[in-house]
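The structure appears right after this line, and notes come after that.
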Amino acid sequence: MKILLLLTTLLIVSSCQKKILKEKDDENTTFTILQREKYLEYREDSTYWDTEILFFDLEGINDQKGGPFTYGAFPTPKYDLIGKGTFTGLEMYAYTGSEDHVKKIKDKTILFNSFFVKNSEMNKKHLHDKKDEIFFQIIVLTDTIDAVNYTHFRSEIISRNHPDYLGQGFFKTKNNIIDYVAFVTADRNSYAIVNTRLFDLNFGTAILIAPQKDRSLRTMQIKLPVLTSEDINSYTDSLLKKPKVIDFFTKQGNI
């Protein structure tokens, strides 16, 4: 009797787990677990590769590094294998320190970079009529800008993991380098790493970084509403006027 009860309980638990997993799939994405397993086959079968993309990536293999990771020229499955219209593009929006692209809090200089995914068949049920959606923003206090060659900043956003997307970059201060990488998956999970600190972006898309004079770092994570590339500049202006953000970037010990 006990064995029968145990087997019944296990069957119920297994059934509930499958139901929860299916509901999570249905709720978050049109890209199911079975499709992801199939996509892994595409990655390893050369008949599905986009050779034009591979040749393009090989030609740029020696270009300047855009972030902490060296760009890898991997064979990439054709994007439309996921479905027509599932990829329509990625965007970056950055204030990098050029004459019109710098922000101030009192005497402090603030730079930022943001990554966006455009509206497509993959995410349209979440974005509705919005043109794109931010999945990561980094806002950094700095004390130096190379206004000639802009060596203090690099960034790139990469679609080669479609339907997952990755962006990376760095900011240089006088005594430190802020390296970062962020990614969003087809099931709308997103994470970032900044100088080995891990951030779950589901708890806040914006990461604020205040480098210290002793070379340590201070961070603040802020939840943003659903923002487009058209909204981000004005929203960042309003964010930088909030008392807690002003206090964060002007504290004693900051660079």
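Mean-square fluctuations from a GNM of the chain, with a 10 angstrom spring cutoff on Cα atoms, peak among 78, 242, 65 at 242. Once you divide the Cα radius of gyration of the chain by 2.2 N^0.38 Å, the number left is 1.19.
Only helices enter this figure: runs of n ≥ 4 DSSP H residues, each worth -39500 (n - 2.57), summed and divided by the residues of the chain, yield -8000 deg cm²/dmol at 222 nm to the nearest 500.
Peptides 45-51, 109-115, 130-136, 232-238 ranked from most to least packed give 109-115, 130-136, 232-238, 45-51, packing being the mean of other C-beta atoms within 10 angstrom over each peptide's residues. Across the range 88-232, Cα pairs under 8 Å and at least six residues apart give a relative contact order of 20 percent. With K and R counted +1 and D and E -1, the other residues having a Cβ less than 15 Å from that of residue 53 yield a net charge of -2. How much net charge surrounds residue 76 when only other residues with a Cβ under 13 Å from its Cβ are counted (Lys, Arg +1; Asp, Glu -1)? Once all neighbours under 13 Å are counted, the net charge is -4. If you plug the beta carbon distance of residue 33 and residue 74 into 1/(1 + (r/R0)^6) with R0 = 25 Å, you get a FRET efficiency near 0.65. Among the GluC sites (Glu not before Pro) found in the range 54-110, those both in a DSSP coil and sparsely packed, with 15 or fewer other Cβ atoms within 10 Å of their Cβ, are 99. Cross-link pairs exceeding 27 Å in C-alpha to C-alpha distance, out of 118/213; 65/131; 131/223; 38/131; 106/213, comprise 118/213; 65/131; 38/131.
A short reminder: the numbers here are calculations on the coordinates, not readings from a lab. Here the structure is a predicted model, which is why all the values come from computation and not from measurement. Please note: Cβ atoms are built from the backbone with ideal geometry, for glycine as well, and neighbour counts cover all protein chains shown.
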